[in-house]
Amino acid sequence: MHAADDDHRAVAEVVVRQIEYADTVVSWERSGDPFEQARLSALLYRLAPWARHLKIGAKHDTGLQDTGQHGDLAAALLRTGRHDPAAPGPLGRALEGFPIAVHAPESDCGVVSLLFETRRPFHPQRLHDALEDLTEDLLRGRGQLWIASQPDAVVGFEFVGGGVAMGSLGYWLAALPADRWGEASDYRRIAADLSWDPYYGDRRTALAFVGLRVDATALTDLLTACLLTDDEIADGFDRWRDLPDPFAGCFPLDDDTAPAHSTPAEPS
C-alpha cells in the first residue's frame with residue numbers, strides 16, 4: 001500500500017496526518033459501545049482541535065441521519081470556505097502563532113492531551129536519553145523545540161506510529177540578521193513580536209502530546225527534567241554549544257534552509 005518505493009510511513013502516521021490536515025472531521029456513530037464512541041470522539045477532537053467535528057449516525061435502513069446541530073449534512077460540509085491551503089502544518093503552527101493542542105490533562109474517556117510550553121532550551125543529552133520514556137504511552141506527539149547546543153535551529157518534533165522524527169524547521173528569527181526577517185510570513189513576525197523575550201528572542205518550545213491513560217504530571221516532570229537547570233542557564237549561550245550533543249549534525253542550517261515559511265519541511 002506504499003505510495004512509492006521510498007515510502008516508509010506507518011498506517012498510523014498516514015491516518016493521523018489526514019485527520020490533522022482536515023478542516024472538517026466527520027465520524028459515523030454506529031450502534032455499539034457508547035464508551036468506545038465517546039472515546040473516539042474525544043481522541044479525534046484532541047488530534048485536530050482546530051477542525052470542525054460532525055457526527056452522523058445510522059437510522060435503521062433509511063440511510064444516514066445528521067446528528068449535528070446544522071441539520072443537513074451536505075450543507076454542513078460543502079462550500080463552507082473553511083479550507084485554507086496557506087494554513088501551516090501541525091509542526092509549523094506554533095511558529096505562526098496558531099494553537100497546536102488543547103491542554104486537557106485530565107482524562108476524558110481515557111484520552112489525555114498535554115500542551116508543554118517553555119522558553120528554556122533542552123539539554124541535548126538528557127532529552128536524547130528520555131525520548132523512549134517520553135513516548136512510551138503516547139499516540140501522538142508534535143510541535144517545535146530548541147536545544148541549547150544548537151540555539152539557531154528550530155527543531156520539529158513528531159511521534160506517531162511508534163517512531164520519533166526530529167528535523168530542522170529553519171532558523172529562529174533571533175538567529176537571523178534583521179534584513180532577513182522579511183523572508184518570514186506576516187503571521188510569524190507578528191507572533192514573534194508578541195512573545196519576544198529579551199534573552200531568548202522568539203526561541204520557545206511548544207509540544208503537544210496525546211495518548212490514552214497518560215500520566216500528564218509525570219510526563220510534565222520528565223520534560224522539565226530535560227531542560228537546562230538554573231546553573232546551566234547562567235553559563236550562557238557560548239557554553240551551551242559545548243554540551244554533549246547526540247543530535248550533532250542532525251539539524252543542519254544553511255542559506256538553502258527556508259527559515260520562515262508557514263508550511264515547514266517534513267522532518268528527517
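The values are calculated or read from the model by the stated rules, or taken from the named source; none is laboratory data. The model shown is predicted, which means the values in this text are computed figures rather than measured ones. Virtual Cβ from ideal backbone geometry, glycine too; neighbours counted across all protein chains shown. Just the protein is used for accessible areas: all its heavy atoms, side chains included, with ligands, DNA and RNA removed. Shrake-Rupley method; radii C 1.70, N 1.55, O 1.52, S 1.80 Å.
Kindly evaluate G163 against the criterion of being among the small types (G, A, S) and at pLDDT 95 or above.
The answer is no for G163.
Name the pairs whose Cβ atoms lie under 7 Å apart, with the first residue in region 23-41 and touching a residue at least 24 places away in the same chain (Cβ under 8 Å), the second surrounded by fewer than 11 Cβ atoms within 10 Å (Cβ to Cβ), and 6 or more positions between them or separate chains?
D23/H83
Considering region 28-37 alone, what residues qualify as being within 25 Å of R82 (Cβ to Cβ) and surrounded by fewer than 18 Cβ atoms within 10 Å (Cβ to Cβ)?
Hits for region 28-37 are W28, E29.
On the basis of being modelled with pLDDT of 95 or more and not hydrophobic (A, V, I, L, M, F, W, C), does P90 make the cut?
Against the criterion (modelled with pLDDT of 95 or more and not hydrophobic (A, V, I, L, M, F, W, C)), P90 does not qualify.
Could you tell me how many of the residues in region 208-244 are surrounded by fewer than 18 Cβ atoms within 10 Å (Cβ to Cβ) and assigned to a helix (DSSP H, G or I)?
Result for region 208-244: 16.
Anything in region 226-268 that is touching a helix residue (DSSP H, G or I) at 6+ places or on another chain (Cβ under 7 Å) and modelled with pLDDT of 95 or more? List them, or say none.
Scanning region 226-268 gives C226, L243, P244, D245, P246, F247.
Could you list all residues from region 1-27 that are modelled with pLDDT under 90 and surrounded by fewer than 13 Cβ atoms within 10 Å (Cβ to Cβ)?
Result: M1, H2, A3, A4, D5, D6, D7, H8, A10, V11.
Here are the criteria: (1) within 30 Å of V14 (Cβ to Cβ); (2) open to solvent by less than 10 Å² (accessible area, probe 1.4 Å). Tell me which single one P151 does not satisfy.
Going through (1) within 30 Å of V14 (Cβ to Cβ); (2) open to solvent by less than 10 Å² (accessible area, probe 1.4 Å) one by one, P151 breaks only (1).
Quick check on region 155-172: of everything there that is in contact with a helix residue (DSSP H, G or I) (Cβ under 9 Å, 6 or more places away or on another chain) and crowded, with 22+ Cβ neighbours inside 10 Å, which residue is farthest from D133 (Cα to Cα)?
Filtering first and then ranking leaves W172.
Only one of these is at pLDDT 75 or above and either more than 26 Å from the chain's Cα centre (by Cα) or farther than 25 Å from V102 by Cβ (or both): D61, D84, D72, D33. Name it.
Residue meeting the stated conditions: D33.
Criterion first (in contact with a Pro (Cβ under 9 Å, 6 or more places away or on another chain) and in a strand (DSSP E or B)) does S107 satisfy it?
no
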